Amino acid sequence: MVFSFTATASFGLEAVVKREALALGLKNVSVLDGKVNFTGDFSDMAKANLWLRSADRVHLNLGSFNASTFDELFEQTKAMPWSDWIPENGRFTVIGKSVRSQLHSVPACQSIVKKAIAENLKAKYKIEWLQEDGPEYKIQAALLKDEATFTLDTSGQGLHKRGYREQAMSAPLRETAAAALISLTYWRKGRIFLDPVCGSGTLPIEAALIAKNIAPGLYRSFAAEQWPQVDRKIWTHARHEAYAAIDADFKPEIYGSDIDPEAIELAKANSAKAGVGGVIIFDAKALEDVRLPGSYGVAVCNPPYGERLGTVSEVTKLYAQMKSLFSADDTWSLNVLTADEFFEEAYGRKADAKRKLFSGMIKTDYYQYHGQRPPKKP
Ligand SMILES: C[S@@+](CC[C@H](N)C(=O)[O-])C[C@H]1O[C@@H](n2cnc3c(N)ncnc32)[C@H](O)[C@@H]1O
């Protein structure tokens, strides 16, 4: 059976998620603000959850209708075939959203939708009381210009929760954002990768997962794994395929260093949990002591910025050290994510490309300095 799905993406990363979806062979891929839609069966749903590196979540689209009064919202919600999805003991929560709609009270919409679904299920299962102690169903009811759209979250925890980073140092990057930042560079698995301010190691770990072709969701579970509608064999098969796809023999050259020895210990522990222990060369050292390991490498990093992470003069000193490191070899590319609006001025060179991205609620820019391309192999 073919369903319609939406992979949600952070602002600015839709094109990256679209590229990943196409690479997975997903069908009818299209992009809207913050969303990448595709169609497929449950195997595609499993594949998308296991493999999409930069998406936030994968939702199953249930349908939409117009509603500008609470009555309309209640009646039309109640008329939807909820028992197709939610079993008698299913636990379900409703997350509401309302943008430019007459029904603007999100808590009121949420409780009306929840009540309408409960009424529907009680009538369908001929029961007075919903036990709600079974598998979990997170329903999103999003109103946009009076159109209510319903989706079911197939992922559960956000896809950034790969399962390898239980602990992080201050200001860690989301794993999904780290993967996207890497994908926006010219780095390919045969090239050297470096993060000289790697903190808990997110960027080098994501690079290693890409280089070894390890599915980012391989070591975690997903909400739809508990759903009785989805045959367990579908998940088992998708996981078997993902294990078989790992490039176990490939030895990428990936480096991560940080001035904080505790961060490096954490990065090592995280990389081991991610299944790439021993693949990355981690080193506790200050940026000023870092030397470029070879040529045609790609550095990706988010240096400290803001009161929590360093004073202005410390940060400026760090940029100067970064400049002297990377300007020594023009085969290297440097990619910096920062909320520092004056990064280019402080670094002393205009970036070859700059794109706006959001890191949580913070507006950040991604500054890209492209190095020479490696010579083509004969
Ligand atoms: C924003 S955090 C990086 C977070 C990292 N991407 C992660 O996901 O965990 C910045 C890091 O820069 C490190 N740092 C600050 N000054 C440094 C220096 N002079 N040399 C090397 N690392 C430094 C800090 O210890 C911190 O871990």
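I need the shape label for the range 3-153. Rule: rounded when a/c is under 1.5, else prolate if a/b > b/c, else oblate, with a, b, c from the alpha carbon gyration tensor. Please report the intermediate quantities before stating the final value.
Numbers: a/c = 2.42, a/b = 1.46, b/c = 1.67.
It is oblate, given that a/c is not under 1.5 and a/b is not larger than b/c.
Using the 10 angstrom Cβ neighbour count as an exposure proxy, how do Met1, Met80, Met322, Met45 rank, fewest first? Could you put the intermediate results ahead of the total?
Details: Met1 6, Met80 17, Met322 22, Met45 25.
Least to most surrounded, the residues fall as Met1, Met80, Met322, Met45.
Going through the range 248-332, which trypsin sites (Lys or Arg not before Pro) have at most 15 other Cβ atoms within 10 Å and a DSSP loop state? Show your work: numbers first, answer last.
On the way: sites: Lys268, Lys273, Lys285, Arg291, Arg308, Lys317, Lys323; in loops: Lys285, Arg291, Arg308.
Taking the range 248-332 and a limit of 15 other Cβ atoms within 10 Å, the loop trypsin sites (Lys or Arg not before Pro) found are Lys285, Arg291, Arg308.
At 222 nm, what value in deg cm²/dmol follows for the chain if DSSP H runs of at least 4 each add -39500 (n - 2.57) and the sum is divided by all its residues, to the nearest 500?
-9500 deg cm²/dmol, from helical runs alone.
Share of antiparallel DSSP beta bridges in the chain, in percent to the nearest 5?
Details: 39 of 62 bridges.
Counting DSSP beta bridges with both partners in the chain, the antiparallel share is about 65 percent.
With +1 assigned to the C-beta of every Lys and Arg and -1 to the C-beta of every Asp and Glu, and no other charges, what is the dipole magnitude of the chain about the Cα centre in debye, to the nearest 20?
Numbers: 47 positive and 46 negative charges, 163 e Å.
In debye, rounded to 20, the chain gives about 780.
For the ranges 254-263, 171-180, what's the packing order if you count other beta-carbon atoms within 10 Å of each residue, average per peptide, and put the highest first? Present the calculation step by step, with values, prior to reporting the outcome.
Details: 254-263: 20.6, 171-180: 24.0.
The peptides rank, most packed first, as 171-180, 254-263.
On the principal axes of its Cα set, how long, how wide and how thick is the chain? Give whole Å, largest value first.
Dimensions of the chain along the principal axes of its Cα atoms: 73, 45, 40 Å.
Normalized C-alpha radius of gyration of the range 311-351, against 2.2 N^0.38 Å?
The value comes to 1.13.
Report the far tail of the P(r) of the range 113-267, meaning the percent of Cα-Cα pairs longer than 27 Å.
Pairs farther apart than 27 Å: 44 percent.
Can you tell which of Thr69, Leu103, Val31 lies farthest toward the positive end of the dipole of the range 3-153, using +1 and -1 charges on the Cβ of basic and acidic side chains (Lys, Arg; Asp, Glu)?
Of the candidates, Val31 comes out farthest on the positive side.
Over 19 Å between Cα atoms: which of Lys47/Lys189; Lys35/Lys97; Lys212/Lys251; Lys317/Lys363 fall into that group?
Lys47/Lys189; Lys317/Lys363
Could you give each residue of the range 237-249 its phi-based ³J(HN,Hα) in whole Hz, using Karplus coefficients 6.51, -1.76, 1.60 with θ = phi - 60°, and x for Gly or Pro?
Along the range 237-249, the couplings run 5, 4, 5, 4, 4, 5, 4, 5, 7, 5, 8, 5, 7 Hz.
Less than 13 Å Cβ to Cβ from Glu341, Lys/Arg counted +1 and Asp/Glu -1: what total charge do the surrounding residues give? Please report the intermediate quantities before stating the final value.
Numbers: positive: Lys354, Lys356, Lys363; negative: Asp340, Glu344, Glu345, Asp365.
That sum, taken over residues with Cβ under 13 Å, equals -1.
Multiply the residue gap between Asn61 and Glu88 by 0.36 nm, knock off their C-alpha separation, and tell me the result in nm, one decimal place.
7.6 nm
Figure the gain on full extension for Phe3 and His237 (residue separation times 0.36 nm, minus the Cα-Cα span) and round it to one decimal in nm.
Result: 82.3 nm gained on full extension.
If I model a spin label as a point 7 Å beyond the Cα along the Cα-Cβ vector, how far apart are those points for Ser105 and Asp283 in nm?
6.2
FYI, it's all coordinate maths here, none of it is from the lab. Keep in mind it's a predicted model, so treat the numbers as computed, not measured. Positions of Cβ are backbone-derived with ideal geometry, glycine not excepted, and every protein chain shown enters the neighbour counts.
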